[in-house]
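Reading through the structure tokens given below for one structure.
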Amino acid sequence: MKSSIIKNVKWLLLAAIVPALVIGCTQIELPDLVWPKPPETARIKYTRQYTGGANFQAKSKAADVLLGAKRSLVLKKPKGIHVAKDGKIYTTDTAAGDIFIFDPVNKTATSTGSMGANFFFKPIGVTTDAKNRIFITDSQTDKVTVLNQKGKVLATLVPRTPFKQPSGIAADDEHNNLYVIDTHNHHIEVFHLDTLKHKDTIGKRGKDEGEFNFPSNITVDSEGHVYVVDTMNGRVQIFDSEGRFINMFGQFGDVTGMFARPKGIGVDSEGHIYVVDAAFNNVQIFNQDGEPLMAFAGYGDDRGGMILPSGISVGPEDYIYVIDSWNRRVKVFEFIGEKHAERKKTGRIAPVEPKQKN
């Protein structure tokens, strides 16, 4: 009898409060936020942000609150990010000791921990390959672990010398390469992607071409070129798929084109290079010659702001995902380039993007 009364009271409360919640949750359409600002031609557009699993659920938030639904995954201290070709967003979280997997297409959210892989302590980098294997670096355990999509351990990488704080990681299916930044060994370990056997080591500590000083992040473009953030040398270095040096750019400074605390790196389909800077709280864009083109975002907690940004990943549709670490969120921007123009012309909706903003 008592439980029946409580249940009825819950439903009465739900009936009374839902309209207010719906009104309160109604989104106000804000003007587009773009860079550079008018009258110049916009090249980057803010689209949305993610703070956790609730952004990917189709269920009623009001019902969840009142009826005691299971709490969603919430970002605590996000660090690294990778957007796979199928649109899934993989985010490492050092405070949670977990890797969140957000699926904007199917509107689901999970984590490697919830799948049973709850042995990560300080996950930093994450990537996937064409076989949908998940590769995760852990700078506290000095391990790189390979999981399947169900969280089962498939392998642990064995480098030439023991890892010392592995960080950034990137897979190149086309050239059968897997790259791991070995930060405190000041080099990059290369593995055969198919067999996961050690293949090569790129670099050593130093300031010359092909040498590193605490490298941190890495990405690979469609041609197999490898881009490395050489953090304590204040620069970016570029290599080919065989590990041969191609180019480098950047130095420490406080003006456009220079770096203070370079972090994540990404490349879009047109070859533009994006570098996150945690001190400038922005993202700088360079061409293939290392010439600065523009920057976007800045310090703050509003739509256009970031505080201590870290990782970045450019998705298959040229949407740019940036870890806004202090604000505990993922910011999503769109590069207004050829893919944007094609979508606008055909009316095609990017398959990796949810239809509604949040």
Restricted to the chain, the DSSP antiparallel beta bridge percent, nearest 5, is 95 percent
Report, to the nearest 10°, how far helix 2-25 tilts away from the longest principal axis of the Cα atoms in the chain, using its own Cα long axis and a range of 0 to 90°.
60 degrees
At a 1.4 Å probe radius, carbon and sulfur cover how many percent of the accessible area of the range 256-358?
50 percent
Gain in span if fully extended, Gln140 to Met294, counting 0.36 nm per residue against the direct Cα distance
51.9 nm
What shape does the range 120-183 take by its C-alpha gyration tensor, where a ≥ b ≥ c are the square roots of the eigenvalues and a/c under 1.5 counts as rounded, a/b above b/c as prolate, and the rest as oblate?
oblate
How high is the relative contact order of the chain, in percent, counting Cα pairs under 8 Å that sit 6 or more residues apart?
13 percent
Which links in Lys88/Lys152; Lys143/Lys207; Lys107/Lys344; Lys45/Lys344; Lys143/Lys199 stretch past 20 Å when you go from one Cα to the other?
Lys143/Lys207; Lys107/Lys344
Links exceeding 29 Å between C-alpha atoms in this model, out of Lys79/Lys131; Lys197/Lys339; Lys76/Lys197; Lys37/Lys122, come to Lys197/Lys339; Lys76/Lys197; Lys37/Lys122
What distance in nm separates the simple spin-label points at Gln57 and His198, each placed 7 Å from Cα in the Cβ direction?
4.5 nm
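Would you tally the net charge around Ile238, using a Cβ to Cβ cut-off of less than 12 Å, leaving Ile238 out, and scoring K and R as +1, D and E as -1?
Taking every Cβ under 12 Å from that of Ile238, the sum is -4.
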Can you figure out the FRET efficiency of Leu154 with Glu40, using R₀ = 56 Å and their beta-carbon distance, to the nearest 0.05?
0.70
Placing each pseudo-label 7 Å from Cα in the direction of the beta carbon, Phe119 and Arg205 end up separated by a distance in nanometres of 3.0 nm
Would you grab the residues whose amide H sits under 5 Å from the one on Lys199? Only those 5+ places off in sequence or on another chain, please, with H modelled 1.01 Å from N.
Val190, Phe191, His192
Can you tell me the FRET efficiency between Asp254 and Ala130 if r is taken as the Cβ-Cβ distance and R0 is 41 Å, rounded to the nearest 0.05?
0.50
What FRET efficiency would be calculated for the residue pair Ile28, Ser269, taking the C-beta separation as r and a Förster radius of 45 Å, to the nearest 0.05?
0.85
Just the accessible area per residue of the chain, please: how many Å² with a 1.4 Å probe?
49 Å²
Apply the Karplus parameterisation 6.51 cos²θ - 1.76 cosθ + 1.60, with θ equal to phi minus 60°, to every residue of the range 266-274 and state each ³J(HN,Hα) to the nearest whole Hz, in sequence, with x for glycine and proline.
x, 9, 8, 5, 9, x, 6, 9, 10
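The values are calculated or read from the model by the stated rules, or taken from the named source; none is laboratory data. Since this is a predicted model, take the numbers as computed values, not measurements. Quick reminder, even Gly has a Cβ in these numbers, built from the backbone with ideal geometry, and neighbours come from all protein chains shown. Quick note on the areas: whole protein, heavy atoms, side chains included, nothing else; ligands and nucleic acids left out. Shrake-Rupley method; radii C 1.70, N 1.55, O 1.52, S 1.80 Å.
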